[in-house]
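Here is the structure we will look at, set down as structure tokens.
The values are calculated or read from the model by the stated rules, or taken from the named source; none is laboratory data. Quick caveat, the model's predicted, so the values are computed rather than measured. Here Cβ is always computed from backbone atoms with ideal geometry, including for glycine, and neighbour counts include all displayed protein chains. Heads up: the accessible areas ignore ligands, DNA and RNA and are worked out on the full protein's heavy atoms, side chains in. Shrake-Rupley method; radii C 1.70, N 1.55, O 1.52, S 1.80 Å.
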Amino acid sequence: MHHHPWQDTSRPVEERAADLLSRMTLEEKLAQLSSVWPGSEADGDDVAPLQHEVSETVDLDALLPHGLGQLTRPFGTAPVEPSEGMRALAAFQAKVAAANRFGIPALAHEECLTGFTAWQATIFPTPLAWGATFDPALVREMAAAIGASMRSVGIHQGLSPVLDVVRDPRWGRTEESIGEDPYLVATLATAYVAGLESTGIVSTLKHFAGYSASRGARNHGPVSIGPRELADVILPPFEMALREGGARSVMHAYNDVDGVPAAAHTELLTDLLRDAWGFDGTVVSDYFGVSFLELAHHVADSPARAAALALAAGVDVELPGLRCYGEPLLKAVRSGEVPESLVDRAALRVLRQKCELGLLDPDWSAEAPAASADRVDLDPPAMRALARRVAEESVVLLDNSRGVLPLHPTARIAVVGPYADERAAMLGCYTFPRHVGVEHPELPVGVEIPTLLDALGAELPGAALTDAPADADIVIAVLGDRSGLFGRGTSGEGCDAEDLTLPDGQAAFLDALLESTDKPVVLVLLTGRPYALGRWEGRLAAVVQAFFPGEEGGPAVAGVLTGRVNPSGRLPVSVPRGAGGQPWTYLVPPLGLKGDASSIDPTPLYPFGHGLSYTSFAWEAAACGADAVPTDGSAEVRVTVRNTGERAGTEVVQLYLHDPVARVARPVTQLVGYARVALEPGQAAEVVFDFHADLASYTVRPGERIVEPGAVELRLAASSADVRHTVPLTLTGPERTVGFDRRMTCGAEVRVLQP
């Protein structure tokens, strides 16, 4: 029997949340918009911007009787053994629920960009590596596994994925992004969201919006982006992840957009996100983002004013601690400066989400699902195997012009370079060892991470491995990045680059190596961004690129080098020829390409979508099901791919759109579909794309997106620059205006043909 409607699980969520809200005092409502971060006041380097300058000690005894909205990173702040962490979280939740008169627990969130960011949890490849897989199904499977592990120990919300489209890879957070193409980012991020949400974990899209387009690729830098670029490049991944992935939370970005900070951007957080797109979940602040309205952007002169701006714009929850939405906001509401209706609006969204998660149910228990287990294993064999699969699919063979790969099983191999025997080379800045573990050098890493040297030894027991090139048949040079935070690495949050020269003197190392030996040199890159490689064009025997491939990255890269793995990764970002030819992505109009108007040639050394295989493929019988379709119609585009080599392999068929004449300057070519095609030797498959005219839409002015009649060209390609077949298509009929309900994906079916 239920005493009040909000306790009745048979009633609609909206009704239950509204009933509970009506019974709350102002202090209790504000408490639901707050968060606490236990352990964040400890000495040491920041894991969030200005963490120790902005963090304030919270009096829990005073706060908890009113309730608590969120608990920040109970596993990801300091090393904690998983079973102990689960019990500590349950005890804290029981304390929170017992302290407030409604028995409402906190919503616990964690980072999960490369897996559950907890000690002893599986470390997956960084998102830039997801991009290299071109495999949404695998990314969804990975996210579901991550979500299940988080849910098992009592976590409710994951602060992932990052949907920022790379605009300039000098930006330190390039490693956290999926790639430079909005369609690739959108489809893979949506798959991640769907996987995470399928386990009951609330997925949080970040960073909304424009963060990756900062001037000079500087973290937190101002964004001077045009409305069309914002609408056509930056926003589509968020649209798709909300509509098709089912994300229930959004995190605002740190940057301003044309002078308006994202945390105070009503047009983005309310007019677009809520009113136009229909989002009804929660908007949470990026860490200290509300305070930054006062302390960094200087659009507020006090914590109260910062709270007023953020709340009015649509920020529901202040993370990671409580500085603005507590006492300052309470006083502002009581004085009449801030309408209580804005507090009600945000609190209702929070309560509705807690209701969806079962946190308002009478039978809610503080115990996590794994509470009955003798030991919580966050890195079981199945998770490691999945991490291996993602890593293997993400390795990109950029060049093998001399045919030195795969390595001979009995070769004499020199393995040299600063990252040949360094397990940190596998890890991005949001992995636990690089994010938190560096502050605890006395503790073991927590999971097994073979180095590339370890893995090569295991892969090639008959080979002779050495560090002396003079004694070798072939030289493997292993270079890369040190991930870190706020200048403590060469890649990662706050680790922006002045140019795209290999860091830490590694360019000079490679020059010296090439000058000192006449043996073929294979370059292996373990990085968080692409680096300029043009100075070594024609001098290297082969080039292999891996983007922070995680705990199983060593075996994955070794597998590609030895041939156990036939590489299928494709570049999610272009690799530049020169170190200073940025910002540049392949998404440029004609005047962005090489031309007589400038002495600079921005053509990349390796284009977006590029990647080689140890087998060969023939592309045949390209055709379109129609010569013309209406501006609201669709057509099937097909091509047959045949494995003409001697070993099994996977081709990645990419479909690009070329619009020769438009009302605004458009990209010369733009990805609109792709499919992975796995084939045995001699086997063929027909790839069929369902191309809808909506995929040719673009923004002509703010808020107006159209599909216009006229000729377009569909390009079946192995990369953005390697077009195998072109298919002309005419869009007929009236010009159409399209909106949030437009088709955003190009369906792809792979039909394996009988020999």
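List of remarks:
- So residue 87, is it open to solvent by 10 Å² or more (accessible area, probe 1.4 Å), basic (Lys, Arg) and outside any loop (DSSP other than H, G, I, E, B): yes
- For the stretch 335-364, the set of residues classified as among the basic types (Lys, Arg) and farther than 15 Å from residue 312 by Cα consists of 352, 354, listed by residue number.
- Note on the stretch 92-137: among residues that are within 14 Å of the chain's Cα centre (by Cα) and of a type in the set (Val, Ile, Thr), the one that is farthest from residue 551 (Cα to Cα) is 133.
So that you can scan it fast, the table gives a plain yes or no per residue for (1) open to solvent by less than 40 Å² (accessible area, probe 1.4 Å); (2) more than 25 Å from residue 206 (Cα to Cα); (3) basic (Lys, Arg):
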site	(1), (2), (3)
322	yes, no, no
330	yes, yes, no
349	yes, no, yes
353	yes, no, no
359	yes, no, no
365	no, yes, no
372	no, yes, no
375	no, yes, yes
379	yes, yes, no
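- Every residue from the stretch 192-211 that is outside any strand (DSSP E or B) and open to solvent by less than 10 Å² (accessible area, probe 1.4 Å): 192, 193, 195, 196, 201, 209, 210, 211
- In the stretch 516-533 there is no residue matching the filter, namely being surrounded by fewer than 18 Cβ atoms within 10 Å (Cβ to Cβ) and under 23 Å from residue 423 (Cβ atoms).
A quick yes/no check of all residues on (1) at pLDDT below 95; (2) open to solvent by 40 Å² or more (accessible area, probe 1.4 Å); (3) more than 16 Å from residue 29 (Cα to Cα); (4) over 30 Å from the mean Cα position of the chain (by Cα):
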{"position": "278", "(1), (2), (3), (4)": "no, yes, yes, no"}
{"position": "295", "(1), (2), (3), (4)": "no, yes, yes, no"}
{"position": "335", "(1), (2), (3), (4)": "no, yes, yes, yes"}
{"position": "340", "(1), (2), (3), (4)": "no, yes, no, yes"}
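- When residues of the stretch 20-77 are limited to those that are among the polar types (S, T, N, Q) and in a helix (DSSP H, G or I), the one modelled with the lowest pLDDT: 51
- Flag: residue 513 matches the condition of being open to solvent by 10 Å² or more (accessible area, probe 1.4 Å) and among the aliphatic types (A, V, I, L, M).
- Residues that are open to solvent by less than 30 Å² (accessible area, probe 1.4 Å) and in a strand (DSSP E or B) do not occur anywhere in the stretch 578-600.
- Residues of the stretch 588-611 that are of a type in the set (A, V, I, L, M, F, W, C), within 18 Å of residue 578 (Cα to Cα) and out of contact with any Lys or Arg (no Cβ under 6 Å at 6 or more places or on another chain): 588, 593, 600, 608.
- Look at the stretch 467-478: where a residue is open to solvent by less than 10 Å² (accessible area, probe 1.4 Å) and a partner is assigned to a loop (DSSP other than H, G, I, E, B) and among the polar types (S, T, N, Q), sitting 6+ places away or on another chain with Cβ atoms under 8 Å, you get 475/517.
- Criterion: touching a strand residue (DSSP E or B) at 6+ places or on another chain (Cβ under 6 Å), in a loop (DSSP other than H, G, I, E, B) and under 22 Å from residue 146 (Cα atoms) - qualifying residue of 286, 374: 286
- There is no residue in the stretch 395-411 that is of a type in the set (D, E, K, R), crowded, with 22+ Cβ neighbours inside 10 Å, farther than 25 Å from residue 508 by Cα and in contact with a strand residue (DSSP E or B) (Cβ under 8 Å, 6 or more places away or on another chain).
- Any chance residue 202 is touching a Lys or Arg at 6+ places or on another chain (Cβ under 7 Å) and more than 14 Å from residue 496 (Cα to Cα): yes
- The stretch 612-667: number of residues that are closer than 30 Å to residue 403 by Cα and touching a helix residue (DSSP H, G or I) at 6+ places or on another chain (Cβ under 6 Å): 0
- Pick from the stretch 221-276, criterion outside any strand (DSSP E or B), without any contact (Cβ under 8 Å) to a residue 40 or more places away in the chain and in contact with a helix residue (DSSP H, G or I) (Cβ under 6 Å, 6 or more places away or on another chain), ranking: most open to solvent (accessible area, probe 1.4 Å): 222
- Of the strands (runs of 3 or more DSSP E) lying entirely inside the stretch 604-674, those carrying at least 2 residues that are crowded, with 17+ Cβ neighbours inside 10 Å, in contact (Cβ under 8 Å) with a residue 40 or more places away in the chain and of a type outside the set (A, V, I, L, M, F, W, C) are 634-643, 649-658.
- Test: residue in the stretch 299-308 that is closer than 24 Å to residue 740 by Cα, open to solvent by less than 10 Å² (accessible area, probe 1.4 Å) and assigned to a helix (DSSP H, G or I): no
- Of all the listed residues (98, 148), the sole one being open to solvent by 10 Å² or more (accessible area, probe 1.4 Å), without any contact (Cβ under 8 Å) to a residue 60 or more places away in the chain, in contact with a Ser or Thr (Cβ under 8 Å, 6 or more places away or on another chain) and not in a loop (DSSP other than H, G, I, E, B) is 148.
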